[in-house]
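The structure appears below as structure tokens.
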Amino acid sequence: MVRILAVDDHPIFRKGLVGLIKDEIKECAIQEAENGREAIDILSKEQFDFLILDIDMPEKSGIDVLDHLKESGIETKTIILTMHNDELFFNEAFNRGAVGFLLKEDSSIEIIECLEKVEQGKPFVSKKLLSFKENRSKFNQEMSRLKELIDSLTKSEMNTLKLVAQNKTSKEIAELLFVTEKSIENYRSRICKKLDISGGSNSLLRWCASNKDLIK
């Protein structure tokens, strides 16, 4: 008997997925959870062969659940099922132990193939995302470089960067951080230098938009 835990905060989608799997895999038992916190609670008490996991959920995200599995030593084959066609999410999921990454829009076609491949010990990636798989090494190297650059920022520079990412003006940031507007302009200049950002006055804002998931 194959045991599966399906975790998604959209009940209609989740029920449809469970029904599809049960139609194709007769010898299976599927349990459901509607958010990451509920999933962690269930996983602490029961063992599953497969975990099908959304990324963007209330309470705890799919990434949070992956981190919990790693920290707790819980072993299960985890498949990310998401609407996010995002290379950063893709790499973060595999870096944290996922063995499959499936787009929701293709789930009805690919979910059974995905389960079969993962059962055989092979990673599975939605066909639309094969370029992400091929680019994983290069992408991870670039992300490591960017994270090192971000870590080089001072506390004041990091606070400024976070507020720039919220589309705050230098004047607004100065008021929030209780410093002069000139100080914020200096922080912005130093941030651009450290992060190797060139261009006009909006270049830092554009960088933040492209790298928002790196700014915590």
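Within segment 200-216, the set of residues being surrounded by 14 or more Cβ atoms within 10 Å (Cβ to Cβ) and closer than 19 Å to residue 87 by Cβ comprises 207, 208, 211, 214, 215. Of the residues making up segment 62-79, at least one is surrounded by 22 or more Cβ atoms within 10 Å (Cβ to Cβ) and touching a Cys at 6+ places or on another chain (Cβ under 7 Å). Would you check if there is a residue in segment 167-189 being touching a residue at least 40 places away in the same chain (Cβ under 8 Å) and not assigned by TED's automatic domain parsing to the domain that holds residue 87? No, there is no match, as no residue in segment 167-189 is touching a residue at least 40 places away in the same chain (Cβ under 8 Å) and not assigned by TED's automatic domain parsing to the domain that holds residue 87. Among the residues of segment 72-113, which ones are basic (Lys, Arg) and in contact with a strand residue (DSSP E or B) (Cβ under 7 Å, 6 or more places away or on another chain)? If the condition is that a residue be basic (Lys, Arg) and in contact with a strand residue (DSSP E or B) (Cβ under 7 Å, 6 or more places away or on another chain), then 77, 104 are the ones that fit.
If we only count helices (runs of 4 or more DSSP H) wholly inside segment 110-199, which ones have 3 or more residues that are among the basic types (Lys, Arg) and farther than 30 Å from residue 80 by Cβ? Break it down into steps so the answer makes sense when it comes.
On the way: elements: 130-134, 136-151, 155-165, 170-177, 181-194.
Of the helices (runs of 4 or more DSSP H) lying wholly inside segment 110-199, those with at least 3 residues that are among the basic types (Lys, Arg) and farther than 30 Å from residue 80 by Cβ span 181-194.
The values are calculated or read from the model by the stated rules, or taken from the named source; none is laboratory data. Keep in mind it's a predicted model, so treat the numbers as computed, not measured. Note that we place each Cβ from the backbone using ideal geometry, even for glycine, and neighbour counts take in every protein chain shown.
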